[in-house]
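FYI, it's all coordinate maths here, none of it is from the lab. Keep in mind it's a predicted model, so treat the numbers as computed, not measured. Positions of Cβ are backbone-derived with ideal geometry, glycine not excepted, and every protein chain shown enters the neighbour counts.
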Amino acid sequence: MSARPYVIDEMISAKAIAARIEELCREIQEEFQGTDKLVVVGLLRGSFVFIADLVRELDLPIEVDFLEASSYGDGMESSREVRILKDLRGAIEGRDVLVVEDIVDTGHTLNHVTGLLKSRQPARLKSIALLDKPSRREVDFKASWTGFEIPDEFVVGYGIDFAQRNRNLPFIGSVRFTDA
Ligand code: IMP
């Protein structure tokens with residue numbers, strides 16, 4: 001938990017998120033039309049709310065699996081070196097796969113994870129991130145779909161945490177320290 005006091009300013013409302021998910025799902029359905037089953041892979045833990053809303057809006061046969069990669073720990077800085085803490089339960093060779101992430105920040109996490117999953121030879125591999133901070137990018141990575149581009153601010157809510165807190169906020173908010 002942060003020792004510094006902070007407030008959370010709403011950046012993206014729950015309503016705006018829901019509307020954007022509807023749009024994204026129409027595009028995903030078009031892309032994967034005719035699939036026998038789409039494996040939707042959620043990156044733990046930050047994507048758990050997003051993936052829950054996404055799959056309920058997707059009119060496709062799906063399966064859900066999860067993968068956990070190391071990220072920020074309890075701080076605000078990316079670790080850059082990505083380690084797989086929990087791998088998929090199922091094989092993805094020859095399958096259609098959609099990787100679901102909360103935020104693309106430096107790009108290291110999704111770059112590493114999609115590289116790893118590609119090496120397992122899925123039929124089609126796409127990725128979606130709810131949020132994208134392009135100004136923070138350190139590796140050349142772009143998700144197949146992005147919900148919202150946001151400025152370089154630390155955000156929480158809708159599954160996303162600051163030191164494990166605030167995941168249960170229904171909206172995306174930015175953290176503002178009040179002792180600065
Ligand atoms: P990347 O590897 O730098 O792209 O980092 C991606 C991961 O960093 C995300 O999945 C989040 O877990 C975390 N992250 C990046 N920005 C934020 C933020 O503003 N708030 C909370 N977590 C973040």
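A few points about this structure:
- Relative exposure of Glu57, Glu153, judged by other C-beta atoms within 10 Å (fewest first): Glu153, Glu57
- Thr106, Thr114, Thr178 arranged by Cβ crowding within 10 Å, fewest neighbours leading: Thr178, Thr106, Thr114
- FRET efficiency, Ala3 to Arg56 (Cβ-Cβ, R0 35 Å, nearest 0.05): 0.40
- Separation of the Asp87 and Ala18 label points, Cα + 7 Å toward Cβ, nm: 4.0 nm
- Percent RCO, i.e. relative contact order, over the stretch 104-180, from Cα pairs under 8 Å lying at least 6 residues apart: 24 percent
- Projected-area average for the stretch 108-180 over all orientations - Cα convex hull basis, square nanometres: 6.4 nm²
- Sorted ascending by nearby beta carbons within 10 Å, beginning with the fewest, Ser47, Ser174 become Ser174, Ser47.
- Convex hull (Cα only) mean projected area of the stretch 4-98, reported in nm² to one decimal: 8.0 nm²
- In the chain, helical runs assigned H by DSSP with n ≥ 4 each contribute -39500 (n - 2.57); averaged across all residues and rounded to the nearest 500, the mean residue ellipticity at 222 nm is -7000 deg cm²/dmol.
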